[in-house]
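Asks: Below: one structure in structure tokens.
The values are calculated or read from the model by the stated rules, or taken from the named source; none is laboratory data. Please read these numbers as outputs of a predicted model, since none were measured by experiment. Positions of Cβ are generated from backbone atoms using ideal geometry, with glycine treated the same way; all protein chains shown enter the neighbour counts.
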Amino acid sequence: MHVVRIERVFKDYLLGDQIVQALSDITLHIERGVFLAIAGPSGSGKTTLLNLIGCIDRPSEGWIYINDQDVTNWPSDRLADLRARSIGFIFQTFNLLPVLTAAENVEYPLLNRRDIARDERRRRVDYFLGMVGLAKYADHRPNQLSGGQRQRVAIARALAIQPDIILADEPTANLDQTTGTEVLRLMRRINKELGTTFIFSTHDQRVMEMSNRLVRIEDGVLWQLGVRSGKQWGTINLQRRGSETETEE
Ligand code: ADP
Ligand code: MG
């Protein structure tokens, strides 16, 4: 079973009187439990693709399936409910609420879940803050935490709903190299321990070392898929690239 299926998806934006084709004929099947990197230069369509997978935005054409359900034409409130139960988000700029403590930030997405009682909320906050190594920082506000710690709070917040999928849009872009690597390692450990599917965008080459699925995108077109088995990568080129001498990011 695929946790996400994207079938022949196009996404156009209207900018003034110009149409920007952000994604063109994307087909992508994502297996449950993978640690998938979407790699491509700035402007290639990574955020657009993540927003479609996260049901934050809708395709101009094509179909999106989450857990084998065709969600393409679901009404907004049904999509909001799907997101609240199944999809966790991690952002480049962390997006923590500055007036809330680390614990309150992690608890926040659970507050509108009536099926989760207060005791269970507290249990999850403790558990996931512990998992990201921040038990001692529960009462700190974001401005009392380093960048790496803030991103770890954001990871705990994404995990709190116990989602099937975590989407992370360039989660290491605002971190120094060492901290970024630590954050990726943490995400990878959680992926292995909990089996949560991680889909993240990056223009960092080093993610190859950690991911087990790779999608390369350029100008809104997928051009390479990679699958790791053991230490070996198998790659499939989907499109001939414009220029053989072009350097990759
Ligand atoms: P990336 O995340 O890889 O940098 P994006 O998905 O943000 O790329 O953008 C892909 C393309 O779509 C770019 O050309 C960008 O300018 C355009 N784009 C993205 N969002 C919008 C929008 N809301 N309106 C118009 N154009 C957009
Ligand atoms: Mg982006």
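Asks: Those residues that are part of a helix (DSSP H, G or I) and in contact with a Lys or Arg (Cβ under 7 Å, 6 or more places away or on another chain), I need them from segment 109-135; list them, please.
Replies: PRO109, LEU110
Asks: Mind listing whichever residues of segment 140-186 are surrounded by 24 or more Cβ atoms within 10 Å (Cβ to Cβ) and assigned to a loop (DSSP other than H, G, I, E, B)?
Replies: PRO171, THR172
To keep it simple, each residue is scored yes or no on (1) away from ligand 2 (no atom under 16 Å from the Cβ); (2) surrounded by fewer than 20 Cβ atoms within 10 Å (Cβ to Cβ).
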| site | (1), (2) |
| --- | --- |
| ASP17 | yes, yes |
| THR27 | yes, yes |
| ILE38 | no, no |
| SER42 | no, yes |
| LYS46 | no, no |
| ILE53 | no, no |
| ASP57 | no, yes |
| ILE64 | yes, no |
| VAL71 | yes, yes |
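Asks: Looking at the structure I just gave you, is ASN174 modelled with pLDDT under 95 and under 30 Å from ASN112 (Cβ atoms)?
Replies: On the way: modelled with pLDDT under 95: yes; under 30 Å from ASN112 (Cβ atoms): yes.
So ASN174 fits the description; yes.
Asks: Among the listed residues VAL132, VAL99, which satisfies the condition of being over 19 Å from THR196 (Cβ atoms), touching a residue at least 12 places away in the same chain (Cβ under 8 Å) and out of contact with any Pro (no Cβ under 6 Å at 6 or more places or on another chain)?
Replies: Going through VAL132, VAL99 in turn, just one is over 19 Å from THR196 (Cβ atoms), touching a residue at least 12 places away in the same chain (Cβ under 8 Å) and out of contact with any Pro (no Cβ under 6 Å at 6 or more places or on another chain): VAL99.
Asks: Out of the residues in segment 197-209 that are away from ligand 2 (no atom under 16 Å from the Cβ) and within 19 Å of ILE236 (Cα to Cα), state the one that is modelled with the highest pLDDT.
Replies: Ranking the candidates gives GLU209 first.
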